[in-house]
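What follows is a set of notes on a single structure, which appears directly below.
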Amino acid sequence: MSQVVPPPPAGSSLNAARRARELAALADGGEVDLLVVGLGATGAGVALDAASRGLSVAAIDAHDLAYGTSRWSSKMIHGGLRYLAKGQVGVAYESAVERNILLTRTAPHLVRAAPYVLPLTPDVSRAQGATVMAGYRLGDALRAAARTPRGTLPGPSRVTAARALELAGPLAAGGLRGALLSWDGRLVDDARLVVAVARTAAAHGARVITRCRALRLSGHGAWVRDEETGDEFAIKARAVVNAAGVWAGGLVPSARLRPSRGTHLVLRAGTLPGLRAGLHVPIPGESNRFVLVLPQHDGRVYVGLTDEPVDGPVPDVPDVPPQDVTFLLDVLNSVVSVPVPRERVAGAFAGLRPLLAAGGRTADLSRRHAVLRSADGIVTVVGGKLTTYRRMAEDAVDVVVRERSLSAGPCRTARLPLVGAPGKGGAGPGNGSVPRRLAERYGTEAHAVIALGKDDPSLAEPVATGIAVTRAEMVWAVRHEGALNVEDLLDRRTRIGLVAEDRKIAESAAALALSNAWKIRGF
Ligand SMILES: Cc1cc2nc3c(=O)[nH]c(=O)nc-3n(C[C@H](O)[C@H](O)[C@H](O)COP(=O)(O)OP(=O)(O)OC[C@H]3O[C@@H](n4cnc5c(N)ncnc54)[C@H](O)[C@@H]3O)c2cc1C
């Protein structure tokens, strides 16, 4: 019996034809209630929040969905333990609440509980171990306060050295007196969260337009350039939110930021064999900072992260300096039995945290977010983190609605499943009926992605040997996820591009998907 495959939610598909149509309507002078500038997690969140309250919304990005910092994160949906350690109880609680919303309601397909092992090596004193465990217990209390069930996010425990080695095979056994095991939320892919939020906003009527750069903002709209054609025109709006992340100060100079660079290394599957849990590796000489070793769903492992202030012009894509690679490898190699040499590092990426300017080290700056108003009425929302994008959006839209006397309902996003989420009481495709990798990336839409490959078996094939992504996924991204070019496909809809060699061998498949996406049957 053939299975009925549901189409994507009405209005959620983003593609070149829709972009052209909606851009033309805006260029024609149609005024919207709200213009959002920037389509990272924050801007996409603002677009969804406003559209789901009934406002008319246009949201633009100079490049692509998740082009900025939102694709360079550690992909943790964290309960704010780090903030607790600094006495920032409010920030920590907010994180725990937002983690609960993502894990249990809005994006359970994209966010899962993941285990982390902190090895108790001779470098970790008993007092340090006890302090960290006390912190984990406080984090568990926050979990309970945020009403996340233990079954969803297990509590911390101390485990034996043998158990630590079962979970994290690459650890050096010598001198290991056990480990601390803790759990936190982890995203399958940060860029996919942004795509899901943006598409959900589109399903609520938001015009989500990539490749459209704001050149100048005012309280009543923006002068923009279509980066595909070079055409310039005005977008009129009753209110404007600047969600341009680390670039926000370039549009509204009174928004003062202090960017800080975070670097991750990318290791291929097999470089750290037997790694089933993440690692928290204490940084020598620091009491509460760790290098994170993060196994990914595709088998790759990220090792991060640094926290270094960056001065001067903000680049589109930050470079990775060699000293960051050395630092991360040194800390990793302090706990593994077989050191990872530099030539085994398959890739590296860096992102800039959009931290609010203040004195002191960037590592100590608050991750609290802020909603700032400029003299001409532009609302800028910055700071914060991926985990709290929804709350940032809610706060920004509350301010806009109040100050511009817009007619809007209350915020609904805490209960609004994102595209691909199973919805209340619904079952996702996590029951083994589709490959786990697709269930985790596409949720309820996995069946429709697979169906493309049933209509045309060549689409069920991986894009290249050794890469799990199928050609159908690329076609899906062109038809429904707003991918307009090869870069969108390789660097954001899939993360193939994180390893330069893989990127090269997948380029032709991406080009083919772009030229053929509309010639085949299926959704
Ligand atoms: C290394 C690192 C690791 C992190 N890890 C985590 C983590 O594990 N968990 C977590 O919760 N948080 C994490 N964070 C923080 C989190 O990633 C950021 O706070 C968040 O992604 C910022 O999102 P944003 O939407 O505000 O900015 P961005 O994602 O940078 O989006 C801004 C967008 O604005 C667009 N734009 C810029 N100028 C213009 C213009 N003139 N016109 C139109 N568009 C424009 C850009 O193209 C970009 O897409 C991490 C940050 C870093 C740097």
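Bear in mind that the values in this text are calculations on the coordinates, not laboratory data. Predicted, not measured: the structure shown is a model, and the values here were computed from it. FYI the Cβ positions are ideal-geometry reconstructions off the backbone, even for glycines, and counts take in every protein chain you see.
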If T152, T387 are placed from fewest to most neighbouring beta carbons inside 10 Å, the sequence is T152, T387
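With an 8 Å Cα cut-off and a minimum separation of 6 or more residues, compute the relative contact order for the chain in percent.
21 percent
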Stretch gain in nm, segment R415-D398, where the contour uses 0.36 nm per residue and the Cα spacing is subtracted
4.4 nm
Does anyone have the angle between helix 190-203 and the longest principal axis of the chain? Alpha-carbon axes, 0 to 90°, nearest 10?
30 degrees
Angle between the Cα long axis of helix 471-480 and the longest principal axis of the chain, 0 to 90 degrees, nearest 10?
40 degrees
In the neighborhood of A41, defined by Cβ-to-Cβ distances under 10 Å, what is the net charge if each Lys or Arg adds +1 and each Asp or Glu adds -1?
+2
For the pair R225/V4, report the inter-label distance in nm, with labels modelled 7 Å from Cα in the Cβ direction.
5.0 nm
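Tell me, in nm to one decimal, what length is gained between V338 and I505 on full extension, where the rule is 0.36 nm per residue of separation less the Cα-Cα distance? Please list the in-between numbers first.
On the way: separation 167, 0.36 × 167 = 60.12 nm, distance 2.95 nm.
Result: 57.2 nm gained on full extension.
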Which aspartates and glutamates, if any, have their Cα less than 19 Å from the Cα of K86, not counting same-chain residues under 8 positions apart?
E94, D140, D184, E286, D307, E308, D364
Mind listing the long-range amide H neighbours of L356? Cut-off is under 5 Å, sequence gap 5 or more, other chains count too, H placed in the peptide plane at 1.01 Å from N.
R258
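Considering only the other residues whose Cβ falls under 11 Å of the Cβ of G482, what net charge follows from Lys and Arg at +1 and Asp and Glu at -1? It would help to have the intermediate numbers written out before the result.
Values: positive: R18, R19, R199, R211, R479, R492, R493; negative: D61, D64, E481, D488.
In short, +3.
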Ordered by fewest other Cβ atoms within 10 Å, a rough proxy for footprinting exposure, S407, S95, S52, S433 read S407, S433, S52, S95
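Taking the Cα centre of the chain as the origin, how large is its charge dipole in debye, to the nearest 20, when only Lys and Arg (+1) and Asp and Glu (-1) carry charge on their Cβ atoms?
Roughly 1520 debye for the chain.
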Compare the peptides 19-26, 272-279 by average per-residue count of other Cβ atoms within 10 angstrom and give them in order, highest first.
272-279, 19-26
Label-point gap, in nm, between A24 and S458 - each point 7 angstrom along Cα→Cβ
3.1 nm
Calculate the translational D of the chain in whole µm² s⁻¹ from Stokes-Einstein, where the hydrodynamic radius comes from the Kirkwood formula applied to all Cα pairs, the temperature is 20 °C and the viscosity 1.002 mPa s.
91 µm²/s
As I understand it, the value is the acute angle between the Cα axis of helix 500-516 and the longest principal axis of the Cα atoms of the chain; what does it come to in degrees, rounded to 10?
30 degrees
Give me the net charge for the shell around A346: Cβ to Cβ below 15 angstrom, other residues only, Lys and Arg +1, Asp and Glu -1.
+3
Between S254 and T131, what is the label-to-label distance in nm when each label sits 7 Å out along the Cα-to-Cβ direction?
4.1 nm
